[in-house]
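This report concerns only the one structure given below.
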Amino acid sequence: MTAPHETHVLTISCADTVGIVAAVSGFLAGRGLFITESAHYGDEETGRFFMRTVFRLGEGQGPITDLKAAFGAIAERFGMDWAIRDLAKKPRVMILVSKFDHCLNDLLYRYRTGTLPIEIPAVVSNHPDLQRVVEWHGIPYHHLPVTKETKDAQEAKILEMVDRLSIDLVVLARYMQVLSPAMCAALAWRTINIHHSFLPSFKGAKPYHQAHKRGVKIIGATAHYVTTDLDEGPIIEQGVERVDHTQTAEDFVAIGRDIENVVLARAVQFHVEHRVIANGAKTVVFRR
């Protein structure tokens with residue numbers, strides 16, 4: 001039997017057609033399940049339908065496996081890609097970081113205060129600099145140096161840890177290494193990167209300095225899923241801030257750090273709350 005008031009989330013992607021919402025809501029209501037949150041979207045360009053529904057189980061409900069088996073008939077009828085997940089289960093997140101520590105510190109603070117519902121079994125870095133702050137939070141720190149000659153072996157160690165620690169999501173918190181195509185493929189749709197630029201503009205080194213030279217009036221940051229195309233992955237979240245001619249490139253960097261913290265944390269939160277659904281090269285994000 002399920003625990004009282006156990007909460008799950010149902011996510012759906014399928015070809016758009018008539019009757020999907022009615023079928024899903026009718027299925028849940030017919031089993032006495034209380035819907036606490038629901039959102040859906042039909043993309044006219046792709047012809048795809050997306051839905052996220054949170055529901056609560058009451059006392060006396062059967063195992064969730066029985067519910068999933070019963071829902072299978074509706075999923076087959078509409079050709080759905082779907083999942084039902086327990087919201088009480090905290091996803092296991094591995095953080096990769098180099099020397100810049102602002103995004104790491106922000107994630108660790110949100111983790112420690114419970115505002116980010118995740119577990120962090122490991123932090124991996126190609127430098128030793130941040131070991132003390134990570135271990136202060138009671139999290140194992142793994143220093144895995146990388147050179148051109150050792151890159152394949154270093155990535156193999158990371159992937160071994162992902163499997164051994166049952167990692168659900170990898171977060172690149174200003175990890176200043178380009179992942180190999182093999183690693184990108186192995187971690188597809190479960191690796192989030194924060195790019196210190198409002199993509200697609202000003203890619204590569206020192207984007208804030210590039211932006212300053214061009215006299216931009218808005219700077220920002222982008223959180224996206226990692227793909228083999230550098231900084232071209234599906235975007236999850238972006239943030240911007242107005243700037244002007246009185247500010248220096250260093251001012252831009254300081255403002256950018258704050259934006260990066262917020263954007264990355266939001267992207268991670270959206271992912272672990274199962275608010276993000278793939279839509280080809282884009283994402284559908286049910287924010288709230």
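We did not get these values from a lab; they are worked out from the coordinates using the rules stated. Owing to the predicted nature of the structure, the values given are computational and were not obtained by experimental measurement. Cβ atoms come from the backbone with ideal geometry, glycine included; neighbour counts cover every protein chain shown.
General observations
- Across the stretch 7-86, Cα-Cα distances exceeding 14 Å account for 60% of all pairs.
- The 3J(HN,Hα) values that the Karplus relation (6.51, -1.76, 1.60; θ = phi - 60°) gives for the stretch 46-61 are, in residue order, 9, x, 9, 10, 10, 8, 10, 10, 9, 9, 10, 8, x, 5, x, 5 Hz. Gly and Pro appear as x.
- Length added when fully stretched, H40-T65, from 0.36 nm per residue minus Cα-Cα: 6.6 nm
- Around L165: net Lys/Arg minus Asp/Glu count, Cβ-Cβ under 11 Å: -2
- Within the stretch 164-272, the trypsin sites (Lys or Arg not before Pro) that combine a DSSP coil assignment with at most 13 other C-beta atoms in a 10 angstrom radius are K203, R214, K217.
- Violating pairs (Cα-Cα greater than 28 angstrom) within the set K68/K89; K89/K157; K151/K217; K99/K151: K151/K217
- Straight-distance crosslink candidates among lysines, where the alpha carbon sits under 22 Å from K213 and sequence neighbours closer than 8 are dropped: K203
- In order through the stretch 177-188: 3J(HN,Hα) via Karplus (6.51 cos²θ - 1.76 cosθ + 1.60), integer Hz, x for Gly, Pro: 9, 8, 6, 5, x, 5, 5, 4, 5, 5, 10, 4
- Sparse-neighbour loop sites [trypsin sites (Lys or Arg not before Pro); the stretch 1-103; at most 16 other C-beta within 10 Å; DSSP]: R31, K89, K99
- Positive minus negative residues near T11 (Lys, Arg vs Asp, Glu; Cβ under 9 Å): +2
- Length released on extending from A83 to A205, taking residue separation times 0.36 nm less the Cα-Cα span: 40.0 nm
- Helix 20-30 vs. the chain, principal-axis angle (Cα, 0 to 90°, nearest 10): 60 degrees
- Bridge type composition, the chain - antiparallel percent by DSSP, nearest 5: 70 percent
- Sequence-separation-based contact order of the chain, relative, with Cα cut under 8 Å and 6+ spacing, percent: 15 percent
- Shown here for the stretch 32-135: GluC sites (Glu not before Pro) in loop regions (DSSP other than H, G, I, E, B) with at most 13 other Cβ atoms within 10 Å, namely E44, E45, E59.
- Acute angle (nearest 10 degrees) that the helix 249-272 long axis makes with the longest principal axis of the chain, alpha-carbon atoms: 20 degrees
- The convex hull defined by the C-alpha atoms of the stretch 83-227 has an orientation-averaged projected area of 10.2 nm².
- For the stretch 6-11, 3J(HN,Hα) computed residue by residue from phi via the Karplus equation (6.51, -1.76, 1.60; θ = phi - 60°) reads 5, 10, 10, 10, 9, 10 Hz, glycine and proline entered as x.
- Mean ellipticity per residue at 222 nm, deg cm²/dmol - from DSSP H runs of n ≥ 4 across the chain, formula -39500 (n - 2.57): -10000 deg cm²/dmol
- Contour minus Cα-Cα distance for A254 and Q131 (0.36 nm per residue): 41.9 nm
- Axis of helix 102-113 versus longest Cα principal axis of the chain: the two differ by about 40°, to the nearest ten degrees.
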